[in-house]
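Written below as structure tokens is the structure these notes are about.
The values are calculated or read from the model by the stated rules, or taken from the named source; none is laboratory data. Nothing here was measured: the structure is a model prediction, and the numbers come from that model. We place every Cβ from the backbone using ideal geometry, glycine too, and count neighbours over all the protein chains shown. Just the protein is used for accessible areas: all its heavy atoms, side chains included, with ligands, DNA and RNA removed. Shrake-Rupley method; radii C 1.70, N 1.55, O 1.52, S 1.80 Å.
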Amino acid sequence: QVQLVESGGGLVQAGGSLRLSCAASGSIFSINVMSWYRQAPGQQRELVAVITSGGSTNYADSVKGRFTISRDNAKRTVYLQMNSLKPEDTAVYHCYAQLSTGGSRVYTAYWGQGTQVTVSS
């Protein structure tokens, strides 16, 4: 069974840092795009950062210069380093990945359960 498991969330003061991790497990053949999304209470889920299999990255304007996405393909893990955190970064952060199984190159979208990040002022 393929799954994504996030870790690293928590409570931090404004200006602080957190590092989120998301590990993919199961009978995975290949991983394409990996991303982080977040959803604050009463708001829609929004894309925070994305990284391709080749390492190209893109960020939401609200986090540019503060957050860094990276991946370790050998560990099947994507990271989100969050610096200079602000109260408006408070949300549940979800990992997203396009994974293929069984030797196929057909990718299916998977989501993690989410990890809470709370930034106090």
(message) I'd like to check which strands (runs of 3 or more DSSP E) are fully inside segment 24-63 and have at least 3 residues that are touching a residue at least 12 places away in the same chain (Cβ under 8 Å) and open to solvent by 20 Å² or more (accessible area, probe 1.4 Å).
(response) 28-39, 46-51
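Any residue in segment 70-93 that is within 23 Å of SER121 (Cα to Cα), polar (S, T, N, Q) and free of Cβ contacts under 8 Å to residues at least 60 places away in the same chain? Step through it out loud before you land on a result.
We begin by selecting, within segment 70-93, every residue within 23 Å of SER121 (Cα to Cα); these are 80-93.
Still in the list and also polar (S, T, N, Q): 81, 83-84, 90.
If we keep only those that are free of Cβ contacts under 8 Å to residues at least 60 places away in the same chain as well, we get 90.
Checked against the condition, which is being within 23 Å of SER121 (Cα to Cα), polar (S, T, N, Q) and free of Cβ contacts under 8 Å to residues at least 60 places away in the same chain, segment 70-93 yields at least one hit.
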(message) Can you list residue pairs whose Cβ atoms sit under 7 Å apart, with the first residue in segment 105-117 being over 18 Å from VAL33 (Cα atoms) and touching a residue at least 40 places away in the same chain (Cβ under 8 Å) and the second being not in a strand (DSSP E or B) and not hydrophobic (A, V, I, L, M, F, W, C)? Count only pairs 6 or more apart in sequence or on different chains.
(response) THR115/GLY8; THR115/GLY9; GLN116/GLY9; VAL117/GLY9; VAL117/ASP89; VAL117/THR90
(request) Working only within segment 79-108, note down all residues that are of a type in the set (S, T, N, Q) and either touching a helix residue (DSSP H, G or I) at 6+ places or on another chain (Cβ under 6 Å) or outside any strand (DSSP E or B) (or both). (result) ASN83, SER84, THR90, SER104
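Within segment 12-21, track down each residue that is open to solvent by 50 Å² or more (accessible area, probe 1.4 Å) and either over 17 Å from the mean Cα position of the chain (by Cα) or small (Gly, Ala, Ser) (or both). Spell out how you get there, then give the answer.
Pass one, segment 12-21, residues open to solvent by 50 Å² or more (accessible area, probe 1.4 Å): 13-15, 17, 19.
Scanning segment 12-21 gives GLN13, ALA14, GLY15, SER17.
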(request) Those residues that are surrounded by 12 or more Cβ atoms within 10 Å (Cβ to Cβ) and at negative phi, I need them from segment 73-90; list them, please. (result) ASN73, THR77, VAL78, TYR79, LEU80, GLN81, MET82, ASN83, LEU85, LYS86, ASP89, THR90
